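Worksheet: one structure, shown below.
Just so it is clear, none of the values below were taken in a lab; they were calculated from the coordinates. All values derive from a computational prediction rather than experimental measurement. Cβ coordinates were reconstructed from backbone atoms using ideal geometry, including for glycine residues, and neighbour counts include every protein chain displayed.
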């Protein structure tokens, strides 16, 4: 009796055809992701002067990044910059998570009509119809010293002089980040909530669970995948963003991305590459920690 497995019953993805199907995406991944990362890592060990890059191997760029750290009681510039970046990252993540979860919950469980769900979801995407720069600049006439918000506050007598911290401050940076990236949190959470079996909600209600108990013990655990994916999107984007901080912070607020951009503008490519490698390592560490909370591949 022939026990050799037939080709039609072999495990999915084990044939040569599956490898050919994966080849184009693998080539794109290699060409536009792995090779550039390898080049950045290589350049981070090069030396440089005012005129040229000097290929070789040196750790001076990594030493320069942490120069002054540990030599005094005060935090060094690099640590302060990373703490500032993490502060913005945490605040934006927390606010976008609250807004994203609330909007997704409303769309998934309180809007019964699929047509209305689609319409409201499209309305959420309207800010993405314009570029990030335009959306950032639109805040300037609103929050500026002579902007609409200050003029309204002065007209109603709530303040006696224009509020200075509305623009070119930590507040304006966080506000712009939330405006730009909340949608990255809404989409995956909404997708996870739409996949929740509604019979589980009914079972929890029939068992006497309150609305908050159902939310915390049923909906939140079943939405973990969307929360983790949205968190990865928001955190990775904010950690490397330098345009938003530069525009909304008035070029006065430091971030790791801004430091890398400035070093690149001064042609200090090895030093910028070393900073980029450190930043990427920290981002990957954060992503690794988030993916430990849920098996994304299994959930998807």
Provide the packing ranking of 18-31, 266-279, 191-204, i.e. peptides ordered by the mean count of other C-beta atoms within 10 Å per residue, highest first. 266-279, 191-204, 18-31
The stretch 73-299 shape via C-alpha gyration tensor axes, a/c threshold 1.5: oblate
How much length is gained if the chain between residue 42 and residue 28 is pulled fully straight, taking 0.36 nm per residue apart and subtracting their Cα-Cα distance, in nm to one decimal? 3.0 nm
Sort 169, 207, 138 by Cβ crowding within 10 Å, fewest neighbours at the top. 207, 138, 169
Counting alpha carbon pairs within less than 8 Å and at least 6 residues apart, what relative contact order, in whole percent, applies to the stretch 88-164? 13
Exposure-ranked with fewest Cβ neighbours within 10 Å first, 69, 89, 124 stand as 69, 124, 89
Give me the distance in nm between label points sitting 7 Å out from Cα along the Cα-to-Cβ direction at residue 59 and residue 91, one decimal. 3.6
Computed over the stretch 113-216, the relative contact order (Cα-Cα under 8 Å, seq sep at least six) in percent reads 17
Let me have the relative contact order for the chain, percent, based on Cα pairs under 8 Å that are six or more residues apart. 24
Only helices counted: for the chain, with every DSSP H run of 4 or more residues adding -39500 (n - 2.57) and the sum spread over all residues, [θ] at 222 nm is -19500 deg cm²/dmol
If I stretch the segment between residue 148 and residue 50 completely, what's the gain in nm (0.36 nm per residue apart, minus their alpha carbon distance), one decimal? 30.6 nm
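Using Cβ contacts closer than 10 Å as the measure, can you line up 232, 227 from fewest to most?
232, 227
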The rounded separation in angstrom of the Cα centers of the stretch 120-147 and the stretch 209-272 is 18
I'd like to compare 107-113, 78-84: which one has the highest average count of other Cβ atoms within 10 Å, and what's the full order after that? 78-84, 107-113
